[in-house]
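The values are calculated or read from the model by the stated rules, or taken from the named source; none is laboratory data. The model shown is predicted, which means the values in this text are computed figures rather than measured ones. The protein model used for the area step is the full one, side chains on, heavy atoms only, and it has no ligands, DNA or RNA in it. Shrake-Rupley method; radii C 1.70, N 1.55, O 1.52, S 1.80 Å.
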Amino acid sequence: MIFDGMSEVRTIIFDYGGVIMTSAQEEAVRRFRVLGINPSQLPLDKYSQTGLFGALEEGRITKEEFREQLSSLAGHELSHEDCLWACLGYVKEIPKRNIRLLRVLRQRGYRLLLLSNTNAYMMSWAMSSEFDGEGGALSDYLDKCYCSYEVGKIKPDPDFFQYVLKQENLIAEETLFVDDNEKNVAVARSFGMKTLQPVNGEDWTGNLLELLSRYSQAPVEFS
């Protein structure tokens, strides 16, 4: 766990995979292999995708175009459900502690944003009532979601960060950025944001609260 150092934090920007969600790259690779896709045909990365998957996450191709091109690679027709199933292999767990803290932070007046490299398949599930297992969607826990495939930018492109700062009219020094990728954290820091870099799957909630206590007039109670 890495965090750094006095403006008060008012906005918190979260990554999705590796922070809110615990990622499982190996399972995603396995599922695409079941569909007939060799990993060398569709390189999958923990942080930033390239090739066909990168085109999907940057919004350069649609879900349907991805399905068609993936079917061509597999040598047989793949359905929307096939592609969704494979993409959701990345989802290992949505820890309850994480989304409970998001709810508490919003109640305390923090503005919560998502800044994520992701795709329309993943978000179709995350924005549904299946997300938290209790009928709630990811959007129920955040004020605004900025997704790479909608914005047309992929982290660590500084333009993606600049876009969110401008859209939200944020003061960087009053913004905390939470991401498990060192490159993304470095870009956020270059803009003057405070940062927290958790490790995928670890409990980062206590460290976030500790950091907020240094930049807040009142502590956030969470148990």
Task: Probe 1.4 Å, protein heavy atoms only - accessible area per residue of segment 53-115 in square angstrom - done: 47
Open item on the list: Please list, ordered by chain and number, the residues whose modelled amide H lies under 5 Å from the amide H of VAL91; skip anything fewer than 5 residues away on the same chain.
Closed with: ALA24
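Over the alpha-carbon set of the chain, divide Rg by the Kirkwood Rh and report the Rg/Rh ratio to two decimals. Walk me through the numbers on the way to the answer.
On the way: Rg = 17.6 Å, Rh = 18.0 Å.
A ratio of 0.98.
Please report, as a whole percent, how much of the solvent-accessible surface of the chain comes from carbon and sulfur atoms (probe radius 1.4 Å). Don't skip to the end; give the middle numbers.
Numbers: 4610 of 10160 Å².
Accessible surface attributable to carbon and sulfur in the chain totals 45 percent.
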Task: Cross-link partners of LYS166 among lysines (Cα-Cα below 29 Å; sequence separation of 8 or more within a chain) - done: LYS46, LYS63, LYS144, LYS153, LYS155, LYS183, LYS194
